[in-house]
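The block underneath contains the structure these notes are about, expressed in structure tokens.
The values are calculated or read from the model by the stated rules, or taken from the named source; none is laboratory data. Since this is a predicted model, take the numbers as computed values, not measurements. FYI the Cβ positions are ideal-geometry reconstructions off the backbone, even for glycines, and counts take in every protein chain you see. Remember, those area values only see protein heavy atoms, side chains included, never the ligands or the DNA or RNA. Shrake-Rupley method; radii C 1.70, N 1.55, O 1.52, S 1.80 Å.
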Amino acid sequence: MRFFIVIIVLLSTLYAEELVLTGTVISNNKKMISARYMGYVKKINFEVGDSVEREDTLFELESAEFDILESQANLALEQANLMLDMYKTRVNVFKKHKRRLKRKKKLMPAMDFRANMEDLNENIDDISGSIEAVKVLVKEASEKSKQFATIAGYLKVKAPNDGVIVERRIQVGDMVAPGMLTMVIVDMQHLEIEAEVAESDLKYLRRNKVVKITIPSLSYKASGYIKAIVPSANPMAHTFKIRVHFEKTNAMIFPGMYAKVYIDLTNELVNKI
């Protein structure tokens with residue numbers, strides 16, 4: 001038994017090796033910012049290198065065509081509301097006349113009372129029908145106005161998350177089209193290391209395997225784990241990409257930094273023996 005243990009220890013020492021991979025620090029949350037509508041850049045609130053928070057307005061667009069349509073929608077809503085108020089006022093006037101007529105019922109001939117009452121009821125019914133029709137117009141105009149208000153919000157392009165602006169492709173006065181790349185925002189808190197591993201070494205890797213990492217320029221050392229093995233080989237170099245997750249504890253770690261990943265092979269080699 002003791003001899004067997006000694007053999008295992010010797011083999012573990014003999015095969016105590018590690019695989020060293022070179023990689024690059026990358027952000028796990030990189031956003032390409034584009035606009036939803038066409039327009040000219042009216043104002044830019046941030047420069048490259050500035051930190052932004054979620055919902056910060058990055059830049060604003062102006063569109064003459066949109067402004068005209070928005071004004072028309074607001075005007076249509078205002079006119080519909082005025083028409084509705086006018087009809088409501090008229091129907092209230094006729095209802096007052098009807099109440100007065102009822103009070104004078106005993107002072108006037110029955111035939112005149114019925115005739116006047118029929119006229120008032122007919123007018124009230126007609127105006128009530130007009131009120132219902134105008135209410136439909138008000139609802140339609142209100143929905144259209146809300147739609148343009150929503151579009152107006154899109155003319156102010158906002159940051160989708162916290163991060164740092166690493167690229168800006170627009171200037172004030174530029175024409176922006178829908179889908180056009182305008183800015184790039186990188187989340188500096190959720191970082192990973194991307195490295196390439198040779199096809200022949202892929203057998204030593206598995207997801208969630210704990211590894212060691214270093215960032216030589218900062219003399220930074222930490223532990224992490226293999227988050228993903230990307231199943232897409234480089235046909236020229238016959239290498240696979242891996243993603244290593246680690247917790248950022250140094251504010252000076254940025255995407256693009258050179259990094260090394262150390263993978264312990266001891267267990268894998270002993271198991272093969």
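With the requirement that a residue be open to solvent by 50 Å² or more (accessible area, probe 1.4 Å) and farther than 24 Å from Leu101 by Cα, what does the range 120-136 give you?
Glu132, Ala133, Lys135, Val136
Can you name the condition, by its number, that Arg168 falls short on among (1) closer than 25 Å to Ser34 by Cα; (2) surrounded by fewer than 17 Cβ atoms within 10 Å (Cβ to Cβ); (3) touching an Asp or Glu at 6+ places or on another chain (Cβ under 9 Å); (4) among the basic types (Lys, Arg)?
With respect to (1) closer than 25 Å to Ser34 by Cα; (2) surrounded by fewer than 17 Cβ atoms within 10 Å (Cβ to Cβ); (3) touching an Asp or Glu at 6+ places or on another chain (Cβ under 9 Å); (4) among the basic types (Lys, Arg), Arg168 is out only on (2).
I'm checking my understanding of the structure. Among residues of the range 175-230 that are in contact with a Leu (Cβ under 9 Å, 6 or more places away or on another chain) and charged (D, E, K, R), which one is nearest to Val261 (Cα to Cα)?
Taking the candidates together, the pick is Glu196.
Taking the options Val166, Val197, Val172, name whichever one is in a loop (DSSP other than H, G, I, E, B), touching a residue at least 12 places away in the same chain (Cβ under 8 Å) and out of contact with any Cys (no Cβ under 8 Å at 6 or more places or on another chain).
Result of the check over Val166, Val197, Val172: Val172.
Looking for something part of a loop (DSSP other than H, G, I, E, B), among the hydrophobic types (A, V, I, L, M, F, W, C), open to solvent by 40 Å² or more (accessible area, probe 1.4 Å) and in contact with a Phe, Trp or Tyr (Cβ under 7 Å, 6 or more places away or on another chain) - is there at least one such residue anywhere in the range 230-237?
Scanning the range 230-237, I find at least one residue that is part of a loop (DSSP other than H, G, I, E, B), among the hydrophobic types (A, V, I, L, M, F, W, C), open to solvent by 40 Å² or more (accessible area, probe 1.4 Å) and in contact with a Phe, Trp or Tyr (Cβ under 7 Å, 6 or more places away or on another chain), so the answer is yes.
Tell me, which residue of the range 118-163 that is in a strand (DSSP E or B) and among the basic types (Lys, Arg) is nearest to Asn92 (Cα to Cα)?
Once the filter is applied, the top-ranked residue is Lys156.
Just one of Met183, Met188 is open to solvent by less than 50 Å² (accessible area, probe 1.4 Å), under 21 Å from Lys31 (Cα atoms), part of a loop (DSSP other than H, G, I, E, B) and in contact (Cβ under 8 Å) with a residue 60 or more places away in the chain; which is it? Outline the logic, then answer.
Numbers: Met183 fails: part of a loop (DSSP other than H, G, I, E, B).
Just one listed residue meets the conditions, Met188.
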